[in-house]
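The values are calculated or read from the model by the stated rules, or taken from the named source; none is laboratory data. These numbers come from a predicted model, not from an experiment. Every residue, glycine among them, receives a Cβ derived from its backbone with ideal geometry; neighbour counts consider all protein chains shown. Keep in mind that these areas ignore ligands, DNA and RNA; they rest on the heavy atoms of the full protein, side chains included. Shrake-Rupley method; radii C 1.70, N 1.55, O 1.52, S 1.80 Å.
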Amino acid sequence: MTRRRIVLLGPPGAGKGTQASRIAEHLAIPAISTGDLFRANISGGTELGRTVQEYTSRGALVPDSVTNAMVADRLTHQDVTDGFLLDGYPRNVAQVEELDTLLAARGQDVQVAVELTVDVDAVVARLLQRAQVEGREDDTEPVIRHRMDVYAEQTAPVAAVYAQRGLLVQVDGLGSVDEVTERLLAVLDQDA
Ligand code: AMP
């Protein structure tokens, strides 16, 4: 059985967004990216967008109360019944616990956490390149460095929690987009 309640981890610039869409399409489940949801709210000028921009623009984590409420709402949508892939959430250990609680209320749990591993210098270069293409305001070098630090301090422990539960699989994020997708799909097709 393919595992269908998936958490995708990996530092900024590891290619999570691209891979998340591909896997989600392949498995016919939604890819839920908290970063994309925040950006959509910012560009849409919503109240949530105005609240979070001061954090996203400097590469800091948005407060858990705001992020968790947004995810809780998203997980009430009908399309997550058969599974979902979370990209960019949970981002700290408190969010892991919140996700556990949200899923437990429905008799569910996370089935696998996949961590895309990459070389830090390579991802900084990739993000600076993305800055020129997409113009994201958090893709400047100092903000990128800060996001890397936040990942190491707050999100790396998330991988450790899933590792303790025997749910973590690390996948080499280096290579062509197709190669990495194949590696990820191979991992997800394995039995839990
Ligand atoms: P991303 O697109 O995943 O790199 O996220 C962009 C920015 O959105 C991050 O630098 C944070 O400011 C914010 N963000 C995304 N996901 C989370 C989360 N789970 N918790 C807190 N902040 C988040």
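Potential lengthening of the chain between Arg136 and Ala104 amounts to 8.0 nm, from the contour at 0.36 nm per residue minus the alpha-carbon distance. From most to least packed by mean Cβ count within 10 Å, the peptides 12-24, 131-143, 31-43 give 12-24, 31-43, 131-143. The alpha carbons of the stretch 84-152 stretch over 44, 22, 20 Å along the principal axes, in descending order. Take the alpha carbon gyration tensor of the stretch 24-130, find the square roots of its eigenvalues, order them as a ≥ b ≥ c, and report rounded if a/c is under 1.5; if not, report prolate when a/b exceeds b/c, else oblate. Since a/c reaches 1.5 but b/c is at least a/b, the shape of the stretch 24-130 is classed as oblate.
Taking every protein chain into account, the accessible area of the chain amounts to 49 square angstrom per residue (probe 1.4 Å).
Dividing the Cα radius of gyration of the chain by its Kirkwood radius returns 0.93 for Rg/Rh. Using a cutoff of 8 angstrom between alpha carbon atoms and counting only pairs six or more residues apart, the relative contact order for the stretch 1-144 works out to 41 percent. Between the stretch 74-117 and the stretch 44-72, the C-alpha centres lie 18 angstrom from each other. Panel note: the C-alpha atoms of the stretch 95-192, placed on their principal axes, show extents of 44, 29, 22 Å (largest first). Ordering 47-60, 82-95, 107-120 by mean Cβ neighbour count within 10 Å, with the highest value first, yields 82-95, 107-120, 47-60.
Computed with a 1.4 Å probe on the full set of protein chains, the accessible area for Arg183 sits at about 80 Å².
Classify the stretch 132-176 as rounded, prolate or oblate from the Cα gyration tensor: take a ≥ b ≥ c as the square roots of its eigenvalues, call it rounded if a/c is under 1.5, otherwise prolate when a/b beats b/c and oblate if not. Cα axes put the stretch 132-176 in the oblate bin.
Ligands, DNA and RNA excluded, the heavy atoms of Arg165 present near 110 Å² of accessible surface to a 1.4 Å solvent probe.
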